[in-house]
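Shown next, in structure tokens, is the structure this report addresses.
Nothing in this text is a laboratory measurement; each read-out follows from the coordinates by a stated rule. Source: prediction; values computed, not measured. Backbone-built Cβ (ideal geometry, glycine too); neighbour counts: all protein chains shown.
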Amino acid sequence: MATLKAVKKRIRTVISTKRITKAMEMVAAAKLRRAQQKVEQTRPYSRVMEQMLGHLAAASTDDTVVHPFFEVREIKKKTLVVVASDRGLCGSYNANILRQATQWLEENSGFETEVVTVGKRVNDFFKHHQWSIVSNYINWDGKLDYDKAKEMVRFLTWRFLKKETDEITLLYTRFISTSRHQITETCYLPITKPKEKEETGYNIDYIFEPSAEAVYDAILPDYAASKMVTALAESFASEHSNRMLAMNNATTNAEEMVHSLTLEYNKARQAQITKELLEVVSGAEALKS
Amino acid sequence: MFHLSIVTPEKIFYDDEVKSLVVPGSEGYLGILSKHAPLITALKPGKLEFKDSHDKHVIFAVSGGFLEVSNNQANLLVEAVEPAEEIDLERAQKAYDKALKKLREEGDKLSEVELAAEKTALEKAANRIKVYQDTH
């Protein structure tokens, strides 16, 4: 049986750990609120943009519109963009996405592959496993930085247009609700041309200023950027909610541990009292006889 | 009257009925009134004006974006929009000088992507200065 002092010390340790995890949970909850707001703010923009692109495709029915972003080439080289976090202590968030990324790389081992990483954790992981990282974007601090996102988009589109890569896949965690996240894999470039038939059925005769091609030229880079921003915003929200849940679990576990340790402590204390009583009584007995 | 929504990547900036709208189209300014024919156009940095349902005339500086008009509904997608009275002239001037300096001094060293980015920055700053001067 552990000594009284040792048990007491352990209880104190667990309590102070609990305090830390509780604080981290609260910090994550506050950050989550902000990140969630960001997700909700970015959604209308990408929705309207997608709608506009759909109308554009529906109205310019001739297949003559060719834009470099639509170009499907014979694939020699593929790029994977993995979005995860800078810091750990967020449950299985990073592990899940890394597992998916590794699987993707194995599936595509027939092609030449390269990785673009977002977040220190993935960067360290891929460095360790010696995959070729062409670019990394770290130190986001769990916040969406538009300039950084734009820089990323510029780099990726440039690489695609220069034919350094033939297909870019984006791997991120979609935020559905605080307790539900989904790892999502989407084709980033080339952009799949929106379906020409609109389900609403109205086929409006649009005027294009100055021409459909020019509008495509202007809208596609922005569409690519908005897609990236959305993916980043969703990932950061997922990260914070994962961390919040992980820290919540840790706090609950600490509470349970304090409970069972207190029980152990009380048992040990009682045992000691009983022992002392026995000693006194038997001492008195010895004196009597 | 028709419905106008101005959406930026950060938020829905405006979502209400308006009487008229003037936007900086890529080929020049164009005015939109109620029951305009369906239209999709790219915008360049410039001055955005509209008259809201109370006949109040409002002016904004916008960076490039897109406009779609259909079914008496105008959707305006812009990267950044700023009410004319809130433009910080000093900041705009600083941004302008910075971009200009970079283009002058390192213009030939920059990659094509960076060059394009600096040029857009310059254009945007110039536009904000212009809108400020027009309205003050």
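Tabulated data for the structure shown
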{"read-out": "Extension reserve of the A:ARG73-A:THR184 stretch, reckoned as 0.36 nm per residue once the Cα distance is removed", "value": "37.6 nm"}
{"read-out": "Within region B:29-45, backbone nitrogen closer than 19 Å to the virtual label 7 Å beyond the Cα of B:ALA116 toward Cβ", "value": "B:42-45"}
{"read-out": "Counted charge near A:GLY119, where neighbours are those whose Cβ lies closer than 10 Å (Asp, Glu -1; Lys, Arg +1)", "value": "0"}
{"read-out": "Proximal charge balance of A:VAL72 [Cβ under 10 Å; K/R count +1, D/E count -1]", "value": "-2"}
{"read-out": "Estimated distance in nm for a label pair at B:LYS51 and A:ALA286, the labels positioned 7 Å out from Cα along Cα-to-Cβ", "value": "11.0"}
{"read-out": "Table column - 3J(HN,Hα) (Hz), region B:67-73, Karplus curve with 6.51, -1.76, 1.60, x for Gly and Pro", "value": "10, 10, 10, 7, 6, 6, 10"}
{"read-out": "Beta bridge orientation in region A:28-244: antiparallel %, DSSP, nearest 5", "value": "35"}
{"read-out": "Total charge dipole magnitude, chain B, about the Cα centre, Cβ charges on Lys, Arg, Asp, Glu only, Debye to nearest 20", "value": "240"}
{"read-out": "Cα-based helix-to-principal-axis angle, B:89-106 vs chain B, degrees rounded to 10", "value": "50"}
{"read-out": "Among the listed pairs A:LYS143/B:LYS51; A:LYS8/A:LYS275; A:LYS77/A:LYS143; B:LYS44/B:LYS102; A:LYS150/B:LYS109; A:LYS148/B:LYS94, those beyond 25 Å (Cα-Cα)", "value": "A:LYS143/B:LYS51; A:LYS77/A:LYS143"}
{"read-out": "Which of A:PHE125, A:PHE208 has the fewest Cβ neighbours within 10 Å, and the rest in rising order", "value": "A:PHE208, A:PHE125"}
